[in-house]
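All remarks here apply to the structure that follows.
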Amino acid sequence: MCDGKHEIILKNLQNNEKIPHSVLFLHGVIVEKCSENSLAIILNSEYSDYCSISQKTSEFKYFVRLKKGENKLKLSYCKSELSLIVYQEISENLRVVTPLYIVVNGHDGRFQARERNEAENACRRISLGLEIVQMIFAEKIRGFCGSGRKTFRLGRECQQFHSSLKLQEAYSMTESELWSFFARELIDRMPNCRNHKFVAFIGCTSYKGVSSDGGDESAVSYESIRAATVGNAALASGGLALLGSGTLFSWPESLSEIKRCLEDETKVPMTELMDDSGYRRTFGGCFTTSLGTLLHEMGHIFDLAHCDEGVMGGGSDRLDQMLTLRDFHGKYEHVPGRCVPKGREVKCTVVRREPRGRPFNSTGVYFTENCLMLLVSHKWFNDWPWGSQLDAGLAFNAHTRRISGKFPLQLVEMRNCCGLTERYWIVSASKDTNNIYFTFPPHIQLIKCTIFCIDAFGNMLNVEL
Ligand SMILES: [Zn+2]
Ligand SMILES: [Zn+2]
């Protein structure tokens, strides 16, 4: 009989916590672990499962799906137990993110995969992918604020959207042309577009295959893979994030498949399926990279600009490190990173060949503090009933170099002509209590840039200089 004094500690959850999303990620650790290597998880006394514990770090990670309202969670390890109650409270925000699977005219709706590739499979995968991303935003904001989760509201499950665009036209269009076409079509056909943002996957993405010289697949660049793909996109702005379906073959359809899909080391057959895996060449690499791309592109629809690092830099492809117990950093440290071009027009992700120079953040994926500050104040992340009625009075005076508003300013960014945040100031963190004003420091040159500001109620100012 074990006589250890184990303690189960949850790193990202506390008793009575309110959860504004349906998929909950549990990340914990066993203090004074014994030889027992798994933990029992019981949810609402109707669902139970075992989850494995890392031999090296004694950590565990697990996903559960919450029901609306009260959820009773019981974790037991050897002789110790931890019980807590959490409340799923979906936000009342009128602003809703709607997932779509676009089927163009003349396409049968099947995405590229060896099996399970009907439009219905795509919709299940996209719905779950968005639930995961919704949870990741909440986790990152909770980590930033110390407590309290905020995230966007997800509308109904992913549905098919039958576009009037002809298949052959879709294959001849660039990413931006596809984006403009679908954005216009959505505005024309979907009601109440002002309160909707769409995350749409193009079902007809077609990868023609690349052959590697002498079978050396490591020599195949991501650029040549993209060049062999049509009907593809990774582009977002305003109310639409548009993505291709080239790597949907690697995505899970149910919660119980997430871990397996993230850890799937199956090699991508590069003559047949699109490899967008950050050079890992595995199914798991494709899933984590494309989920990271979704996170990055959704950042854009919530007004985030590119940054030098983090999710809005090139570092969005290591969600596997955050969500599993495997050490993917150690394993894939030396593969070339993907980099995000700094152009405003070209928001697609491309790859640079040199290895990354800086170490990865241990949590796998992170937003820089300016991005988190912006999201915390964003109208799509807060259900203030009065939010949209307020006259924010935000203005920039070029003569005095001062931004003024009626409500406390939260964040000021200087974005360059390519849409990259070059400097930022977190206004609320300053000693100045009267923070409805912000004056640019004298040494800052205000030319050829965009000034961005958000106040405590999510009102935004964008001034191009
Ligand atoms: Zn024990
Ligand atoms: Zn981008």
Exercise. Out of all the residues in segment 290-310, is one or more under 17 Å from Glu131 (Cα atoms) and either part of a loop (DSSP other than H, G, I, E, B) or among the charged types (D, E, K, R) (or both)?
Worked result: yes
For this session: Give the residue that is farthest from ligand 2 (Cβ to nearest atom), with candidates limited to residues of segment 311-321 that are assigned to a loop (DSSP other than H, G, I, E, B) and either closer than 13 Å to Leu374 by Cα or polar (S, T, N, Q) (or both).
Result: Ser316
Exercise. Are there any pairs with C-beta distances below 8 angstrom linking a residue in segment 309-321 that is touching a residue at least 12 places away in the same chain (Cβ under 8 Å) and within 16 Å of ligand 1 (Cβ to nearest atom) to a residue that is basic (Lys, Arg) and in a helix (DSSP H, G or I), with the two at least 6 apart or on different chains, and if so which?
Worked result: none
Problem set entry | Test: residue in segment 161-184 that is within 15 Å of the chain's Cα centre (by Cα) and surrounded by 22 or more Cβ atoms within 10 Å (Cβ to Cβ) | no
Exercise. Taking segment 1-50, which residues are among the hydrophobic types (A, V, I, L, M, F, W, C) and more than 16 Å from ligand 1 (Cβ to nearest atom)?
Worked result: Leu10, Leu13, Ile19, Val23, Leu24, Phe25, Leu26, Ile41, Ile42, Leu43
Exercise. Any idea which of (1) small (Gly, Ala, Ser); (2) surrounded by 18 or more Cβ atoms within 10 Å (Cβ to Cβ); (3) more than 22 Å from Gly203 (Cα to Cα) is the one Ala233 doesn't satisfy?
Worked result: (3)
Exercise. Does segment 69-91 contain at least one residue that is of a type in the set (Val, Ile, Thr), over 28 Å from Trp384 (Cα atoms), in contact (Cβ under 8 Å) with a residue 24 or more places away in the chain and in contact with a Ser or Thr (Cβ under 8 Å, 6 or more places away or on another chain)?
Worked result: no
Exercise. How do the strands (runs of 3 or more DSSP E) wholly within segment 37-128 filter down when requiring 3 or more residues that are aromatic (Phe, Trp, Tyr): which remain?
Worked result: 59-65
Problem set entry | Residue among Lys61, Lys33, Lys79, Lys56 that is closer than 15 Å to Ile9 by Cβ and at pLDDT below 95 | Lys33
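The values are calculated or read from the model by the stated rules, or taken from the named source; none is laboratory data. Model, not experiment: these values are computed from the prediction. Cβ: placed from backbone, ideal geometry, glycine included. Neighbour counts: every protein chain shown.
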